[in-house]
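To start, the structure under review is shown below, and the notes come after it.
The values are calculated or read from the model by the stated rules, or taken from the named source; none is laboratory data. Just so we're clear, the structure is a prediction, and the values are computed from it rather than from any experiment. So basically every Cβ, Gly included, is an ideal-geometry build from the backbone, and we count neighbours across all protein chains shown.
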Amino acid sequence: MNLIILGPPGAGKGTQAQSLERDRGFIQLSTGDMLRAAVGEGTEVGQKAKAIMDRGELVPDDVMVQIISDKLDEIGDQQFILDGFPRTQGQAEALDTLLAQKKKALSFVIELKIDDAILVERVVGRFTCGNCGEGYHDTFKLPAQEGKCDRCGGTEFKRRSDDNEEAMRARLVAYHGLTAPLIDYYAGKAILKSVDGAAAFDAVTGQIAAILDEN
Ligand code: ADP
Ligand code: ADP
Ligand code: ZN
């Protein structure tokens, strides 16, 4: 089974993809994480992507499609969940071609439905463990022990440079203009499943589990 998790910035894609990876053996393929790793390593892609990401705009389709194509080859036959890709009609069509070439298929596209009003607070309060990548939030999910990661015990945490109100506004414009149309694209292929992204962490996880279990 292979999935896409689709939704605006801060909807909970990474959180739910991590949970599916932990509980159900999917591999999370987060293009945002891949780009941030490239920025950290200072590769050619990373150097080009950094400014685009900080403005809250999208990295060009050809760059993203190449990254995902390589990643799909790397993971072999393991089941995957795409988090943050595709983000444009061009990427979605390129993905269809890639999957056909690689003899893979999508089972479902899980859409996290949520109002913009909630999203700014979600991203402005977001931080992650610098060691294992576990996600946290200033209001909604603090580590059980202050300053110590629940999962790995790490004590260094990171915040993203694009998790500020200004970049977030641009990210929402990009989402509504370029990414949201993919909801109809996948509805047309009859693989779209929508869940309430504004619900509590476990409630969202439960809605997704119900979809996977009943199919
Ligand atoms: P979010 O948590 O806001 O959904 P991501 O971590 O998925 O953000 O992505 C961060 C940034 O990386 C995006 O704002 C964009 O600049 C870039 N990016 C990630 N995935 C893609 C993609 N598929 N196409 C274009 N740009 C992307
Ligand atoms: P995305 O990958 O879609 O950008 P994240 O999974 O990183 O979003 O979630 C954004 C922030 O909101 C994180 O700080 C996360 O801990 C928090 N969050 C995620 N899901 C929920 C939820 N259901 N309720 C409250 N906060 C949440
Ligand atoms: Zn950790």
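Scanning the stretch 104-137 for residues that are charged (D, E, K, R), more than 16 Å from ligand 1 (Cβ to nearest atom) and in contact with a Gly (Cβ under 9 Å, 6 or more places away or on another chain) turns up nothing.
Sub-8 Å Cβ pairs linking a first residue in the stretch 101-116 that is more than 18 Å from Ser19 (Cβ to Cβ) to a second residue that is assigned to a helix (DSSP H, G or I) and within 16 Å of ligand 2 (Cβ to nearest atom), at least 6 apart or interchain, are Asp116/Leu172, ordered by first then second residue. Screening the stretch 50-91 for residues that are of a type in the set (Lys, Arg) and either more than 7 Å from ligand 1 (Cβ to nearest atom) or assigned to a helix (DSSP H, G or I) (or both) and picking the one that is nearest to the chain's Cα centre (by Cα) gives Lys71. Please tell me if Gly84 is in contact (Cβ under 8 Å) with a residue 60 or more places away in the chain, in contact with a strand residue (DSSP E or B) (Cβ under 9 Å, 6 or more places away or on another chain) and within 13 Å of ligand 2 (Cβ to nearest atom). Spelling it out, Gly84 is indeed in contact (Cβ under 8 Å) with a residue 60 or more places away in the chain, in contact with a strand residue (DSSP E or B) (Cβ under 9 Å, 6 or more places away or on another chain) and within 13 Å of ligand 2 (Cβ to nearest atom). Restricting attention to the stretch 6-33, the residues that are more than 8 Å from ligand 2 (Cβ to nearest atom), within 8 Å of the chain's Cα centre (by Cα) and in a helix (DSSP H, G or I) total 1. Residues of the stretch 150-172 that are under 12 Å from Cys132 (Cβ atoms) and at pLDDT below 95: none at all.
For the stretch 92-99, state whether one or more residues are part of a helix (DSSP H, G or I), within 8 Å of ligand 1 (Cβ to nearest atom) and either without any contact (Cβ under 8 Å) to a residue 24 or more places away in the chain or of a type outside the set (A, V, I, L, M) (or both). No, every residue in the stretch 92-99 fails to be part of a helix (DSSP H, G or I), within 8 Å of ligand 1 (Cβ to nearest atom) and either without any contact (Cβ under 8 Å) to a residue 24 or more places away in the chain or of a type outside the set (A, V, I, L, M) (or both).
If we only count strands (runs of 3 or more DSSP E) wholly inside the stretch 109-215, which ones have 2 or more residues that are within 14 Å of ligand 2 (Cβ to nearest atom) and surrounded by 14 or more Cβ atoms within 10 Å (Cβ to Cβ)? Reasoning before the result, please.
Working: elements: 126-129, 135-137, 192-196.
Hits in the stretch 109-215: 126-129, 135-137.
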